[in-house]
Amino acid sequence: MASLAGVVACTDKGSTPPAAVTPAGGAITNPGQGTHGVVTHLKPGELDTYYGLWSGGHTGDVRVLGLPSGREILRIPCFVPDALVGWGVTNESKKIMGTRPDGSLRYNVGDSHHTHASYKDGNYDGRYAWINDKLNSRLARIRLDYFTCDKIADLPNVQGFHGIFPDKRDPVDEKINYTTRVFCGGEFGVPLPDGISGGASKDRSLFTCVDAESMEVRWQVVVDGNCDLIATSYDGKLAATNQYNTENATHYAEMMAAERDACLFFNIARIEAAVKAGKFKTYANSKVPVVDGTHSANQDPKSALTAYVSVPKNPHGVNATPDQKYFICAGKLSPTATVIELSKVLDWFDGKLEKIDDAIVAEVELGLGPLHTAFDDRGNAYTTLFLDSQVVKWNVAAAIKFHHGDKNAKYVVDRLDVHYQPGHLNASHSETIAPDGKILAVGCKFSKDRFLPVGPLHPENEQLIDISGDKMVLLADHPVRGEPHDFIIFKRELVRPKQVYALDDFPLAVKDPAESGVFRNGKKVTVKMTSQAPAFSLNEIRLKKGDEVTLILTNLDKIEDLTHGFAISRYNVNFIVNPQETASVSFVADKPGVFWCYCTHFCHALHLEMRIRMIVEA
Ligand code: CUK
Ligand code: CUA
Ligand code: CA
């Protein structure tokens, strides 16, 4: 009953801090802690103060969490079919996901890692979020007005598409102070049909730019070594990726051969100009312009598209500090974090800094296995230490002082054990100009003994940490289905989701029950139908064996939360229509007989009675 202590202590609405917050679970404490303001246990009916967008990992979706409670509110399917909403079942969702010539889904598995949202004026603007599919090199966009996936882009020429980050503004046009591009890091080298700048058959990784609005692939950059995670600068001028495989190796042992790898910078305005000027090539399988970002082609700083900053062995995450000045590249195989000053990188591109490595303003020891870094509003960074199973809080300014010889500069502020082996972490509005320094979520890869045992597959353990004080305080454990990797946290005021669709947004909408019917054109049959609780507009659907059927269903109910489902027994059809939404499915009526079609979403006292028959004549 230890957790009850947490319940009793948390009687507050969150506006004024309670006298003492007992961490959920009771047993986890950080001795010597005083008052902290984060309440994880909400009273029934209370709403969370933050949204969390969580990558879904193997399920290829985005999970929406309420924070600080950690309650999962929604899953937004993107890359993998979803039986609740009929994602991968309806024609509309299949069109977004992509199909083969026979109409089946091109892919029905995924592996999503990174989710990030669109920016305006350096902060989230609540328009879009994006998520990657590492497995099949796809980028999905979520529109945050409906919390649905509306477009998926396929990246050509790459495998192992890993990191993503939206730009935060345009590098040239003063007026464009919001996200217009999403940058994507291709991790695995693949053979390019006819090479670039020599070495025809050498495997290559590419950095890809996708247009945030159209979701078309705008351009790509061939690089030496690999791409991995991505960071973008607040002025829109720079993007960077950490490189752990500057060796261009195909086996892990060789990937660790070099003592230092790189953080690779991209000069966005110059790349755009090169593409405009026609200085690119294309490969047979796509029309996407590909520019040359290799070392040898970018020796002259004044014309270089890329700059390779040397960082210690096999680095992992790269993150932008909220003061807009630095990128921090975590060491992974090195116990260090490297702080790179962005104005100096720009100086190098202008010919004003002689050596690009002089852009490094600190390289400090943090602990074993540093992976990812988040930020508060007080100049502190929080880095996960995978091997040490810790989060280390460190002060960036003090680290720079220490690096420059001030050995009294104590840059490590605090350490906290987490459970266990953390990968990503993120704090509220961490990578924006407006971090609020309140809560930090940590994605622990191993949960071991933290939850009831359930056989060989353990959940991961997402831990919540209060970072509002000097010391970090562990607040809660949450089991999550594997393997989210990454997430962002933002204030709930940022989005105002719509709860009812607009009929006119659907070209196929059946706007009046009187339009319902079975319309035949030879073998092609269109079924038009509406739903209004507790009935569908047709009592039966009569078909002939072999008919090629498209069934269109519009939900005419206008009330929030009044969703209907439509499932056809033994026909592999099940999807939902939300209020004022239209969806369609196509199938061949290949089995004669009588098949019940019924509402699968509890909508009304007569929900069970909401069913009709489909009669397929032999
Ligand atoms: S990678 Cu998973 S812990 Cu895919 Cu973002 Cu670092
Ligand atoms: Cu309509 Cu249940
Ligand atoms: Ca390496």
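Given in Å, the Rg to one decimal and the Dmax to the nearest whole number for the Cα atoms of region 325-396 are 13.3, 42. With Cα atoms defining each centre, region 136-167 and region 447-504 are spaced 21 Å apart in the structure. A Förster radius of 51 Å, combined with the Cβ-Cβ distance separating Leu606 from Glu213, puts the computed FRET efficiency at roughly 0.70. Per-residue extension of 0.36 nm, minus the Cα-Cα distance of Ala269 and His58, leaves a gain of 72.4 nm for this segment.
When each of the peptides 272-280, 311-319 is scored by how many other beta carbons lie within 10 Å of its residues on average, the order from highest to lowest is 311-319, 272-280. Taking all Cα-Cα distances within region 287-442, those exceeding 18 Å account for 60%.
Give the ranking of Phe602, Phe165, Phe402 by solvent-accessible surface, highest area first, calculated with a 1.4 Å probe.
Numbers: Phe602 150, Phe165 0, Phe402 55 Å².
Ranked from most to least accessible, the order is Phe602, Phe402, Phe165.
Electrostatic tally near Gln390: other residues with Cβ closer than 9 Å to its Cβ, Lys and Arg +1, Asp and Glu -1, net -1. Separation of region 200-248 from region 252-301 is 7 Å, based on Cα centroids.
Here's the list of aspartates and glutamates a cross-link from Lys237 could span, going by alpha-carbon distance under 17 Å and ignoring same-chain residues fewer than 8 apart: Asp121, Asp167, Asp170, Asp173, Glu174, Asp211, Glu272, Asp323, Glu341, Asp347, Asp350, Glu431. Taking the charge dipole of the chain about its Cα centre, with +1 at Lys and Arg Cβ atoms and -1 at Asp and Glu Cβ atoms, the residue from Gly126, Leu333, Val412 reaching farthest to the positive side is Gly126. Average accessible surface for the chain: 42 Å² per residue, computed with a 1.4 Å probe over protein heavy atoms with every protein chain in place. Across region 153-167, coupling constants 3J(HN,Hα) worked out from phi with the 6.51/-1.76/1.60 Karplus curve, θ = phi - 60°, read 9, 9, 8, x, 6, 10, 9, x, 6, 10, x, 9, 7, x, 6 Hz, and Gly and Pro carry x.
Using the Cβ-Cβ distance between Ile73 and Glu259 with R0 set to 56 Å, the FRET efficiency from 1/(1 + (r/R0)^6) comes to roughly 0.75. Listed by chain and number, the aspartates and glutamates placed with their C-alpha closer than 14 angstrom to that of Lys558 are Asp504, Asp512, Glu581; residues fewer than eight positions away on the same chain are left out. Around the Cα centre of the chain, unit charges on the Cβ atoms of Lys, Arg, Asp and Glu (plus for the first two, minus for the last two) sum to a dipole of about 1220 debye. Could you list the trypsin sites (Lys or Arg not before Pro) in region 45-108 that lie in coil according to DSSP, counting only those with at most 15 other Cβ atoms within 10 Å of their Cβ? Answer in residue order: Arg106.
With Rg and the Kirkwood Rh both taken from Cα atoms, where does Rg over Rh land for the chain?
Working: Rg = 26.4 Å, Rh = 26.1 Å.
Taking Rh as the inverse mean 1/r over Cα pairs, Rg/Rh reads 1.01.
The stretch between Thr282 and Ile615 holds 114.6 nm of extra length on full extension. This uses 0.36 nm per residue minus the Cα-Cα distance. The aspartates and glutamates within cross-link reach of Lys544, meaning a Cα-to-Cα straight distance under 13 Å and a gap of 8 or more places when in the same chain, are Asp590, Glu617. With both residues required to sit in the chain, DSSP beta bridges show an antiparallel share near 90%.
Residues in region 525-540 carry Karplus couplings, in order, of 10, 10, 10, 10, 8, 10, 10, 8, 3, x, 9, 8, 6, 10, 8, 8 Hz; the curve used is 6.51 cos²θ - 1.76 cosθ + 1.60 with θ = phi - 60°, and Gly or Pro positions show x.
In this calculation the C-beta distance from Arg143 to Val412 is compared with R0 = 56 Å, giving a FRET efficiency of 0.85. Based on the Kirkwood approach, the hydrodynamic radius assigned to region 55-187 is 15.4 Å, with every pair of different Cα atoms included.
Would you mind checking Lys407/Lys438; Lys313/Lys401; Lys151/Lys498 for any pair whose Cα atoms are more than 21 angstrom apart? Mind showing how you got there, number by number?
Details: Lys407/Lys438 30 Å; Lys313/Lys401 23 Å; Lys151/Lys498 19 Å.
In this structure, Lys407/Lys438; Lys313/Lys401 lie more than 21 Å apart at Cα.
Against the globular-protein guess of 2.2 N^0.38 Å, express the Cα radius of gyration of region 229-336 as a ratio, rounded to two decimals. Display every interim value, and only then the final one.
Details: Rg = 15.2 Å, N = 108, 2.2 N^0.38 = 13.0 Å.
Here the answer is 1.17, to two decimals.
The values are calculated or read from the model by the stated rules, or taken from the named source; none is laboratory data. What you see is a predicted model; the values in this text were computed from it and never measured. Backbone-built Cβ (ideal geometry, glycine too); neighbour counts: all protein chains shown. In case anyone asks, the SASA skips ligands and DNA or RNA and just uses the protein heavy atoms, side chains included. Shrake-Rupley method; radii C 1.70, N 1.55, O 1.52, S 1.80 Å.
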